[in-house]
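The values are calculated or read from the model by the stated rules, or taken from the named source; none is laboratory data. Since the structure is predicted, the reported quantities are computational estimates derived from the model, not experimental observations. No Cβ is skipped: glycine too gets one built from the backbone with ideal geometry, and neighbour counts run over all protein chains shown.
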């Protein structure tokens with residue numbers, strides 16, 4: 001491989017320890033191998049219970065594999081001595097914005113990570129201000145988190161990771177509890193992270209319209225990778241994706257079904273503009 | 001005859017304090033028996049506040065709410081009855097589960113109504129059936145269920161009161177597409193079988209388009225639009241202006257018509273397919 | 001809405017007292033409390049009352065709010081005063097009827113106690129009116145840091161306090177939500193006797209516990225991910241720095257204490273304690 005991969009899974013299996021009443025533990029992640037190159041924006045899709053949240057927790061060592069190996073920037077996540085370094089490399093944003101904010105003031109929360117790392121105060125101040133400006137929350141730095149909207153809280157959580165200067169950020173359904181406006185805010189921030197700051201992003205989501213914006217889409221099912229490729233190649237498998245209990249974007253589905261009726265639509269169709277354009281071209285060609 | 005009727009209701013938050021804010025401003029609306037009404041609007045538009053007036057959880061500062069012809073604030077009894085005639089199921093209802101077993105949890109509502117034991121039993125089993133919970137799950141602890149099952153058990157807890165109108169606030173929030181489809185299908189079945197009115201509060205205009213007969217659009221503490229799905233969704237531009245995410249299909253049809261291919265408006269893939277393949281479009 | 005509440009009783013302002021270092025404010029408040037109990041003569045008591053009034057004026061907190069903080073202790077003040085009047089004997093006897101004896105000592109002690117308690121409450125509420133809970137927590141952590149030498153986990157305790165402050169509004173919000181959800185299922189929380197009402201709380205308390213435990217797990221993961229390993233090796237973004245105004249305040253307070261001692265020395269003590 002030419003590109004350097006920042007996250008690497010080698011034949012990873014993970015099973016939660018069996019409960020007393022269960023005869024055997026069912027693996028949640030089953031023989032999974034995966035390499036994510038630096039700077040990539042990856043979306044991970046899958047229905048609830050497919051193992052995608054477990055995947056996220058395996059990346060930064062909240063969970064360690066039952067067998068196989070996960071490495072982050074060359075560091076093995078099962079090596080406790082490297083745990084702090086791993087978490088300085090991969091930050092994590094969770095689903096519920098309320099349960100990851102630890103301070104009573106926005107800027108104090110953003111400072112929490114750098115403070116834990118023992119960074120000198122003046123530099124924390126600079127990093128925190130920079131991170132807050134990057135996510136557009138600088139003006140609200142003195143607010144109490146519980147008075148913010150869901151989208152704002154998630155942006156504070158993201159700023160907390162940016163301030164730690166991680167190379168990679170893993171997000172476990174960061175928009176699931178937000179309204180459409182909050183989702184938009186968070187997705188704009190995620191794109192900025194990746195495009196402007198060059199941070200590797202692993203976005204776990206249910207929303208197909210978020211996944212189409214990624215460089216790469218991975219679809220998981222029963223603890224294994226079912227589809228892996230660009231949004232175009234993945235979403236062209238309309239039947240397959242539906243059979244896995246997922247959606248495809250409406251534009252893609254419409255194009256797929258129009259093609260089935262014999263309409264000649266050209267190009268990749270993931271959003272409304274591409275779809276409308278292809279329909280117009282096809283109609284004009286007739 | 002309307003099952004729920006609100007007349008000129010106004011509601012203020014933090015009345016008499018410096019942070020006083022208008023949550024609802026002179027809202028009048030009639031919900032007819034058996035109707036499935038989608039309620040959309042962005043956060044803070046007043047939609048959640050409005051539905052809490054329908055079952056007497058909130059009292060309007062002015063105006064009246066009648067349920068089944070009775071002014072719900074005319075007596076203590078009437079307010080009490082409104083709780084059961086209008087079943088309200090909040091967002092993330094699984095967080096209200098508390099009993100030892102699913103069965104006991106679903107029977108909490110009917111129990112509070114003071115019904116006899118055999119009637120409660122009938123209602124619990126019927127509600128569980130509506131939401132598709134197998135009877136062997138009824139003896140389990142609600143905390144041992146999967147996420148989707150918990151959601152459905154909690155909805156059953158409201159359905160078991162057998163309300164004449166059922167209000168569901170974001171019933172699909174946080175579910176994956178399969179779980180969402182299952183809940184929406186369940187709502188459709190419930191409405192067909194009971195003929196009860198259903199109010200579906202949602203951020204998803206796709207979900208509303210799939211189920212609802214009528215759509216109520218809330219904006220700035222007031223009613224922005226109220227009409228059939230076709231009527232409301234044809235105002236695509238206005239809906240976008242007030243911060244709503246119109247379905248991708250509507251956007252496609254909108255772009256097509258602005259480019260001179262007017263097929264009419266559609267909000268589901270099926271309808272768009274029909275319109276386009278039917279070549280109903282007219283070139284200028 | 002219920003979530004608009006402010007934790008503690010911080011009064012947003014920009015006065016001299018708001019700007020003082022929280023550590024200095026805590027120490028000076030403690031010094032003041034000691035001074036309160038040094039007052040034994042009328043002139044000393046008078047000085048203390050004047051000083052307290054001056055502090056209220058400097059703080060910029062409206063008199064109405066200060067008086068409000070006295071409301072809960074009105075009964076205690078009244079009760080101790082009455083007790084003192086009847087129990088402290090001596091001085092010139094004013095009333096003597098059967099077993100009731102009231103003397104000047106009793107009256108003076110009652111008066112002193114009432115004024116002392118009032119001043120104590122006013123000054124300590126000025127501390128909380130002019131200092132945010134976050135600043136108070138940070139200051140306490142700094143002030144108590146010597147205890148680390150005897151293995152008291154000061155940083156961890158301070159972190160716990162911060163988390164408690166952070167989650168109180170979230171939990172209040174949650175209680176509100178659960179209560180509404182159960183009311184919508186016909187839960188009757190407002191009627192019935194004590195037992196019935198206590199039982200009616202179960203549908204609220206159980207979900208609250210369940211969700212709090214879930215929150216705690218998620219929060220622990222989130223803190224782990226942000227490299228929290230306890231207090232060791234942590235730095236703080238906001239450094240506390242003593243400014244000239246802090247030293248001026250210290251000097252003025254010292255003068256005040258000296259004044260009390262001097263006045264006590266030259267004038268007759270009217271109470272024993």
Open item on the list: I'd like the full set of residues that are more than 7 Å from every other protein chain (Cβ to nearest Cβ) and touching a residue at least 60 places away in the same chain (Cβ under 8 Å), limited to region A:92-123.
Closed with: A:93, A:95, A:97
Open item on the list: Anything in region A:129-172 that is crowded, with 24+ Cβ neighbours inside 10 Å and within 16 Å of residue A:208 (Cα to Cα)? List them, or say none.
Closed with: A:171
- [ ] Quickly run through region A:82-91 and pick out the residues that are assigned to a strand (DSSP E or B) and more than 8 Å from chain C (Cβ to nearest Cβ).
- [x] A:90
TODO: Hey, can you tell me all the residues within region A:224-241 that are within 11 Å of residue A:46 (Cα to Cα) and either at pLDDT below 90 or within 14 Å of chain B (Cβ to nearest Cβ) (or both)?
DONE: A:241
- [ ] Kindly provide the set of residues from region C:92-130 that are part of a strand (DSSP E or B) and crowded, with 18+ Cβ neighbours inside 10 Å, ordered by number.
- [x] C:102, C:103
Open item on the list: Give me the helices (runs of 4 or more DSSP H) completely within region B:223-284, filtered to those with at least 3 residues that are more than 8 Å from chain A (Cβ to nearest Cβ) and modelled with pLDDT of 90 or more, ordered by residue number.
Closed with: B:229-233
Open item on the list: For region C:207-222, check the following and say yes or no: at least one residue is without any contact (Cβ under 8 Å) to a residue 60 or more places away in the chain and over 30 Å from residue A:58 (Cβ atoms).
Closed with: yes
Task: Test for residue A:208: is it under 22 Å from residue A:49 (Cα atoms) and within 19 Å of the chain's Cα centre (by Cα) - done: yes
TODO: Please state which of the following conditions residue C:207 fails to meet, knowing it meets all the rest: (1) closer than 30 Å to residue C:24 by Cα; (2) facing another protein chain (nearest Cβ under 7 Å).
DONE: (1)
Task: Looking only at region B:1-35, and only at residues there that are assigned to a loop (DSSP other than H, G, I, E, B) and within 14 Å of chain C (Cβ to nearest Cβ), the one that is farthest from residue B:67 (Cα to Cα) - done: B:18
Open item on the list: Tell me yes or no: at least one residue of region B:179-192 is buried (at least 21 other Cβ atoms within 10 Å of the Cβ) and away from chain A (no Cβ under 14 Å).
Closed with: yes
TODO: Output the residue which, of all residues in region B:95-120 that are under 26 Å from the mean Cα position of the chain (by Cα) and more than 13 Å from chain C (Cβ to nearest Cβ), is surrounded by the most Cβ atoms within 10 Å (Cβ to Cβ).
DONE: B:102
- [ ] Go through region B:138-161 residue by residue and tally those that are surrounded by 18 or more Cβ atoms within 10 Å (Cβ to Cβ) and either at pLDDT 95 or above or in a helix (DSSP H, G or I) (or both).
- [x] 16
- [ ] Return the residue satisfying two criteria in turn: it lies in region A:124-169 and is assigned to a loop (DSSP other than H, G, I, E, B) and over 23 Å from the mean Cα position of the chain (by Cα), and of such residues it is nearest to the other protein chains (Cβ to nearest Cβ).
- [x] A:144
Task: Failed item, numbered, when residue C:133 is tested on (1) within 11 Å of another protein chain (Cβ to nearest Cβ); (2) touching a residue at least 12 places away in the same chain (Cβ under 8 Å); (3) over 22 Å from the mean Cα position of the chain (by Cα); (4) crowded, with 19+ Cβ neighbours inside 10 Å - done: (3)
TODO: Restrict the check to region B:209-220 and report whether at least one residue is within 12 Å of the chain's Cα centre (by Cα), buried (at least 17 other Cβ atoms within 10 Å of the Cβ) and more than 18 Å from residue B:28 (Cα to Cα).
DONE: yes
Task: Filtered residues of region A:48-57 (kept if over 19 Å from residue A:213 (Cα atoms) and within 11 Å of chain B (Cβ to nearest Cβ)) - done: A:48, A:49, A:50
